[in-house]
Amino acid sequence: MRARVPVLEIMTPTPVTIQASATVAEAAVTMRDKEIGSLVVVEQGKPMGIVTERDVVTKVAASNKQPSGVLVRDIMTSPLIAVHPGEEVAEAAKIMSERKIRRLPVIQEGKLVGMITENDIIRIWPQLIEVTREYARAGLESQFAKGIEGHCEACGVYSTNLVWDRNLLVCPECRGG
């Protein structure tokens, strides 16, 4: 897998949305029926936030609230953390790791154009596992800081030992330069 892959190449182009005025019960049914873990929340056609299975569990079920009496807008995560379709997959993985999230809506010119998930990234580029949540949460980043395969973003040479250096994936020869 090459080091520079735009999000556009691996994103899901038709993310499922829900109105901010919908109930959490409606959101849960949609997630179940579509077999997905999140919905992008829209208001007047514009993406405003995201609601996840975790939001339903932690903000509704664990608080013993009735899902049919709670609106999606009251539990959604907002503002929306998103990525541009031209952004590199490696950068999307870094954002996910830093923010401890597993999915990123893809927005272009204010419009929702896709969704990229941690699973999408790992499916096409397993070497990026160390910049995703599992290693970050386990505190193992330093143990897995080496070994990303691809082309060095500084010199273009293929390497099995790329590491992050000044926001680039670089080979040992280009580190610190």
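The values are calculated or read from the model by the stated rules, or taken from the named source; none is laboratory data. Treat the numbers as computed from the prediction; the structure is a model and nothing was measured. So basically every Cβ, Gly included, is an ideal-geometry build from the backbone, and we count neighbours across all protein chains shown.
Yes or no, residue by residue, for (1) acidic (Asp, Glu); (2) touching a helix residue (DSSP H, G or I) at 6+ places or on another chain (Cβ under 8 Å); (3) modelled with pLDDT under 65:
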| position | (1), (2), (3) |
| --- | --- |
| ILE81 | no, yes, no |
| HIS84 | no, yes, no |
| ALA92 | no, yes, no |
| ARG99 | no, no, no |
| GLY114 | no, yes, no |
| GLU118 | yes, yes, no |
| GLN127 | no, no, yes |
| ARG137 | no, no, yes |
| GLU149 | yes, yes, yes |
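Take the conditions (1) farther than 30 Å from THR160 by Cβ; (2) in a loop (DSSP other than H, G, I, E, B); ARG4 misses just one of them, which is (1). In the range 1-60, what residues are in contact (Cβ under 8 Å) with a residue 24 or more places away in the chain and small (Gly, Ala, Ser)? Hits for the range 1-60 are ALA3, ALA20, SER21, ALA22, ALA25, ALA27, ALA28, GLY37, SER38, GLY49.
Only one of the numbered conditions (1) at pLDDT below 95; (2) touching a Pro at 6+ places or on another chain (Cβ under 8 Å); (3) within 16 Å of ARG103 (Cβ to Cβ) is not met by THR14, and that is (2). For the criterion of being under 24 Å from VAL106 (Cβ atoms), touching a Lys or Arg at 6+ places or on another chain (Cβ under 9 Å) and in the same structural domain as ILE116 (by TED's automatic domain parsing), LYS59 fails. Given (1) modelled with pLDDT under 95; (2) touching a Pro at 6+ places or on another chain (Cβ under 6 Å), where does VAL60 come up short, assuming only one miss? VAL60 satisfies all of (1) modelled with pLDDT under 95; (2) touching a Pro at 6+ places or on another chain (Cβ under 6 Å) except (1). Only one entry in ILE116, ILE107 is within 18 Å of THR14 (Cα to Cα) and touching a Leu at 6+ places or on another chain (Cβ under 6 Å), namely ILE116. A single entry from MET96, MET76 fulfils the requirement of being free of Cβ contacts under 8 Å to residues at least 60 places away in the same chain and either closer than 30 Å to SER159 by Cβ or touching a Phe, Trp or Tyr at 6+ places or on another chain (Cβ under 7 Å) (or both): MET96.
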